[in-house]
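Beneath this line is the structure, given in structure tokens, with notes to follow.
What follows draws every value from the coordinates through simple rules; no lab data is involved. None of these values were measured; they are calculated from a predicted model. When we count neighbours, we look across all protein chains shown, and the Cβ atoms used for this are built from the backbone with ideal geometry, even at glycine.
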Amino acid sequence: MNEGLNITQGVPVPFPVTGDTWKNKLRSLLKFLGPAFIVSVAYIDPGNFATNISGGATFNYSLVWVILWSNLMAIFLQGLSAKLGIATRHNLPEMCSKVFSRKTNWFFWIEAELAAMATDLAEFLGGTLGLYLLFHIPMIYAGLLTGVLSFMIVYMEKYGQKVVEWIIGTLVAVITVAYVTELYLAKPDWAAAGFHTIIPSLPNGEAVLIAVGMLGATVMPHVIYLHSQLVQARNKKNDNEEQKRQHLRMERIDIAIAMNIAFIVNAAMVIVSAAVFFRNGIAVETIEQAHQSLSPLLGSLSSGTFGIALLASGLSSSAVGTFAGQTIMKGFIGLNIPINARRLITMAPALIIIGLGINPMNALVISQVALSFALPFAIIPMLIITSRKDLMGTLVNKPLTKVVGWTIASMIIGLNAVLLYLTFTGKVLS
């Protein structure tokens, strides 16, 4: 049997019984790696740059623990999405269309599309800023070029999902290398960083706001929808329950690797900002200011790697946002708009903002606030569906999974409510 599966007494086993070596195990695992790396891009997108830089520059290492806990939530939620896709052979929006009423699905679709547009806005602006900072291309032209480059990544889907996974994985590697370089140049206080990774602290009310923003920029709804679709490429029509469980085990390894890479990058953003900006008493209010401040403090290599990381983040996350939009549109209400037409529609708000000269940092903050509305509408239906045995079979949620899931949902809803309250009372960071 292919895909590294063998049959012993009618029961599929994950690796060949004869010659079961680490090489065989690795080869089998590699066939399943990829979906979580596409998803991980959303956890290191330009919105994360804005909130993580603010957190480190303002509160030193105090908020690194927020990155750790946000990452743990992300691992749980993405695992649940992957499980749904593997168990049902459908993505989350498709399952919502089967479980909930037509009116409810129209509502889900509208809020999900608005969230996808807000996500595209932040990601598109990130790519534009990256080109502007690196090559001094005027913002409007950098925006158009970002659109062309994003189109090219999306176009590669015609050659198969694996090709897109390699492209996105390469861009994730670029971002990771860039921030590991930043860590080396910044020479942070590792003892303090380690202490604040483990011990939670919120120095004041402003720290609460930044912490909520960091969470809101990390756990994102569009990739919860998308992950359940990406695993379909590894599903087979004749998979039995044991093969589904094996697929889920492999996908959980995929998630653990990809999400922890995202954790390293996000933590590095906070740590570098603390070691460079906080240590030197520099208040950072824009991404451009962060880029400009790095050069005199750490040298041109540091500012260059920052720009490269931002560009890679913007391009990769912009493409992922487009894929998520297609999943959302087709799943909830069955619309199938050509992907290029949808890309042009979602590019328009960003180009308008750039053309009007609106501060991109403010636009990033607004986009993260918009996403806070949508997140519960992805998590709650997913928890309902994955708790139904008639839909999930043997992969139905266990009691502990339900408790953890609803606890996370309640925490996110509460924290989002705080973020919205602070935003609409004029206390949000600008």
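Coordinate range of the alpha-carbon atoms in the range 223-268 per principal axis, descending: 43, 19, 12 Å. In plain terms, the chain from D390 to A256 could stretch by 45.4 nm, reckoned as 0.36 nm per residue minus the Cα-Cα distance. Eigenvalues of the alpha-carbon gyration tensor of the range 18-149, scaled by 5 and square-rooted, set the equivalent ellipsoid semi-axes at 31, 25, 19 angstrom, largest first.
As a proxy for reagent exposure, ranking D390, D45, D189 by other Cβ atoms within 10 Å from fewest up yields D390, D189, D45.
What residues of the range 378-411 lie in the reach of a label at A417, counting those whose backbone N is under 14 Å from a point 7 Å from the Cα along Cα→Cβ? It comes to 409-411, nothing else.
Note on the range 162-265: lysine pairs with Cα distance below 21 Å, sequence gap of 8 or more or different chains, count 4.
Fewest neighbouring Cβ atoms within 10 Å first, the residues S303, S313, S228 line up as S303, S313, S228. Using a cut-off of 12 Å between beta-carbons, work out the net charge of the residues near R245 (Lys and Arg +1, Asp and Glu -1, R245 not included). Local net charge: 0. When R102, R249, R234 are arranged by Cβ crowding within 10 Å, least crowded first, meaning fewest neighbours, the order is R102, R249, R234.
Electrostatic bookkeeping for V39 treats Lys and Arg as +1 and Asp and Glu as -1; over the other residues with beta carbon under 11 Å from its beta carbon, the sum is -3.
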